[in-house]
Structure formats: C-alpha cells, structure tokens
Amino acid sequence: MPHGYGTLVAELRDALTRQRYNRVAVHNYCRNANHFLAYLAARNIALEAVTPIDVTNYLRFAVRQFRKRHARAPARYWTGIPRSGIHALLKLALKRWPPEPAAAPDELICREACDQYRTWLREERGLATASVDALLWEARNFCAWLIKHSNATSFADLTVHDVDIYMDMRAPGLARKSLKDVAERLRSLLKHLHRTGRTAADLSQHVIAPLLYAYEGIPSALSSDQISIVLKSVRKDRSPMGLRDYAILQLLATYGLRSGEISRLRLEDVDWRADILHIRRSKTGDHSLLPLFETVGEALIEYLRHGRPETDVREIFVRTRAPYVPMVRIYNEVSRRIEAAGITLSGKRGPHIFRHARAVSLLRASVPRKLIGDVLGHRSTESTIPYLKLATEDLRAIALEIPGQEVRS
C-alpha cells in the first residue's frame, strides 16, 4: 500500500474523533477504509481517479470475501457498514464526493437557469430560505420533467401544451390548495424565464390553478388535551433523544414557532438572566424577543445538561448520533412523537399543527389579532386572519333564537 495512505487513514481517525464518533465506529470506519485502499493499490487505481463504480465493485468484492470467511452471505444491509467508512474517506481525501455526473447540454441549460433563478429570488426579491427552497424545488422538478418527457430541446421551444401536461402530471393526489401552490410556483419560474429572455412569450398566464374561496378549508390543529398527552408521553423518555424532543415540543406548544425558527435557535439566543428568548423569524427575517417561560427554560436546561452531546456547533438542537451537526428539520421527530402518544389526526401531523393550536388558544383568550400576529411572527395582520377559522367550533356553543311558530307541548 502506498505510504501516504497510512497518513490519510490517521487523518480520517482524527476527523471522526473530533466529530465525536464513538471508538467502535471510528475503528470500523478506519478498518474498512484500509481494506478499500488496499483493494485500490492491488489494482493500480489512483485514489484521485476513484469513481462510484469502483466503490460498487469493491463492495461486491467485500461480499465475496465475507462469504469465503464465514461460509454464508452477509446480512441484507451489511454493505452499508463498509460503504460508510469508504465515503468518509473519500470525502476527506477528495473534498467533493460523490462527484457530480457529467451533465448533458440540456441539463446544463436547466442548471444555469435554476442557479440564476435562485440568485434572483434571494438577492433581488429577498425571499426567506424556506420560500426559495420551495420555489427552487418546483423549478428543478419542472426542468427534470421537461428533459425527460417533452419534445422541447430548450426553453425557447416551451409551449402552453407542455405547461398543461406538467400540471396534469402534478395534479393527482394533491389537494386543491396544494395544486394552487404548484401553479403559483410554476408561474414564478415561467415569469423568470421570460424576464431573462429564455422564452419569447410569458407562459405564466396560461398556468391554470383551481379557484379557492377566502379561508377555504380548516387547517389541522391539536386540542389542548392532545398537546398535554403528547408532552406527557415524551416526558417519560429520559434518553438524550427524549430530552431533546421534549424541549422542541415545549417550544412548539408554548410559542407556536415555525420549525426553521427552532432548528436555527442558537445557544446565545437564550438570555437566562433576563428570561428572554431571541427568535429569528424564518419567513420575514425579522427578530422577536419572547419571554422565556419556566416550563420551556427547564426543558432546555435539562436537555443542555443531560441530553446534548459535546459539540462545537452553536445551534441548540443537534443530532443524537455522530456527526453531531445541527438538526435541519424536525418534522419526522414531531410526527413520530404524536403517533407514539396515540394521537390520530386526519390532516397534517407535523410541527405546524402546534402553531395552529397556539393561534386557537390565543383567539379563545380574546387576544387582539395584532398581538397574535406578533407572537406568531406575522408581518401583516392579514396573515393572521386564516387562523380565525380554526375557532369556528366555538360558534356551536352560541344558541340563536329563530323567530317562528311556537312549539306546542
């Protein structure tokens, strides 16, 4: 084996140790990295020239070696063990792994358009990251569909018929509100394509979306009793993951924060002396100061002392397994805790239903709409109006006298 490979494995061991991988994981990663490097050396394959096909070929070789040693096949997902060590090695040595596949000319055109679109959304329109991500996802999905299923060889060949076929493809399984969102995102892309001269005509006006009535449909929301059940269920889990999820759910239930506002919460955002929580609003980019309630503070302290792993990152909520990086999304954790608590919901079951529930509790407490908007981080009171429909069940308690003929006993 080339002399430099030993140094590379030592660097991998140091990198994994700094990322707080446990000793067993570090040993396994480095052992599999060594085996892979020996495989390359035996076949005169330079590390810099390694491709995903080489990794696949090695894993097949490793399975054959396993069969020889143990006289049986490995478990179904056994290759995931050596693959993890190999990928960690290649990311360290090559910096860019896996390599981007060579793009065809039409793919390059789409990639360039999407990159320019992203810059325009961020720098000129100043949209929040969540909004940019949603618009970009639709743009890339449309481009991928265009390359595979359309006769158009460039955006200049795009027709109204292509737009109609794409919308027909996206429609199945979507609610009317979701389909309207798709239409609005597609219109935004088509306007950008026309604005940048990629299409001669503005095709955005030909995107047909379903008509929605004002405040149509009632969002999902948990009742106060259901929230209590979920919190009590998670409270029983005293593992590091349980302490983390309990603190997250306390933030959701108490303040109705967006998931991105929780995942971006940093250690310095909690002013323990003044009992203040500093929130960076996901959509508006504004900053809010909220009172740090006792239940939330206690949940955070318990997680920070007994649940949060040692790491240099400043975000409060991190993964419970190495590498200990900030949590990007909390949807899966929240929906899993709701299900484990035995709560069955007909609609959405992610973090946002706690936000809806908080809005309902404030409405029922006769809190002014402007103050509700401040708590929820709305820039305009119009953004708060849709939450009014969540409290419509309160109207059922109001008895109205209807003029008419007396009922004889």
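Of note:
- Residue match in region 205-222 (condition: surrounded by 12 or more Cβ atoms within 10 Å (Cβ to Cβ), of a type in the set (Gly, Ala, Ser) and on the phi > 0 side of the Ramachandran plot): yes
- Tyr21 passes every criterion in (1) among the aromatic types (Phe, Trp, Tyr); (2) assigned to a helix (DSSP H, G or I); (3) within 30 Å of Arg321 (Cα to Cα) apart from (2).
- Number of the exception - Ile45 against (1) assigned to a helix (DSSP H, G or I); (2) within 21 Å of Thr7 (Cβ to Cβ): (1)
- Selected residue [modelled with pLDDT of 95 or more and buried (at least 23 other Cβ atoms within 10 Å of the Cβ)] from Tyr255, Tyr246: Tyr246
- All conditions in (1) within 19 Å of Tyr21 (Cβ to Cβ); (2) surrounded by 14 or more Cβ atoms within 10 Å (Cβ to Cβ); (3) acidic (Asp, Glu) hold for Glu302, with the sole exception of (1).
- First in region 88-101 and under 22 Å from His27 (Cα atoms), second anywhere and of a type in the set (Lys, Arg), Cβ under 8 Å, 6 or more apart: Trp97/Lys91
- Residue in region 334-350 that is surrounded by the fewest Cβ atoms within 10 Å (Cβ to Cβ), counting only those that are of a type outside the set (D, E, K, R) and more than 19 Å from Lys232 (Cα to Cα): Ser346
- Qualifying residue in region 267-285 (condition: modelled with pLDDT under 90 and either assigned by TED's automatic domain parsing to the domain that holds Met169 or loosely packed, with under 13 Cβ neighbours inside 10 Å (or both)): yes
- Test: Leu252 is within 19 Å of the chain's Cα centre (by Cα) and closer than 17 Å to Val375 by Cα: yes
- Hits in region 351-379 - residues which are buried (at least 19 other Cβ atoms within 10 Å of the Cβ) and not in a helix (DSSP H, G or I): Pro351, Gly377, His378
- So Arg337, is it more than 20 Å from Ile229 (Cβ to Cβ), in contact with a helix residue (DSSP H, G or I) (Cβ under 9 Å, 6 or more places away or on another chain) and either of a type in the set (Phe, Trp, Tyr) or at pLDDT 80 or above (or both): no
- Any hit, region 63-77, residues being under 33 Å from the mean Cα position of the chain (by Cα), closer than 25 Å to Pro323 by Cα and surrounded by 11 or more Cβ atoms within 10 Å (Cβ to Cβ): no
- Filter pass, Val55 being over 30 Å from Thr311 (Cα atoms), within 34 Å of the chain's Cα centre (by Cα) and of a type in the set (A, V, I, L, M): yes
- Every residue from region 154-206 that is modelled with pLDDT of 90 or more, farther than 18 Å from Ser131 by Cβ and acidic (Asp, Glu): Asp162, Asp164, Asp168, Asp202
- Here region 96-135 is the region considered, the condition is being basic (Lys, Arg) and more than 21 Å from Ser154 (Cα to Cα), and the residue that is surrounded by the most Cβ atoms within 10 Å (Cβ to Cβ) is Arg122.
- Here His378 qualifies as under 21 Å from Ala253 (Cβ atoms) and at pLDDT below 75.
The values are calculated or read from the model by the stated rules, or taken from the named source; none is laboratory data. Please read all numbers here as calculations on a predicted model, not as lab measurements. Cβ atoms come from the backbone with ideal geometry, glycine included; neighbour counts cover every protein chain shown.
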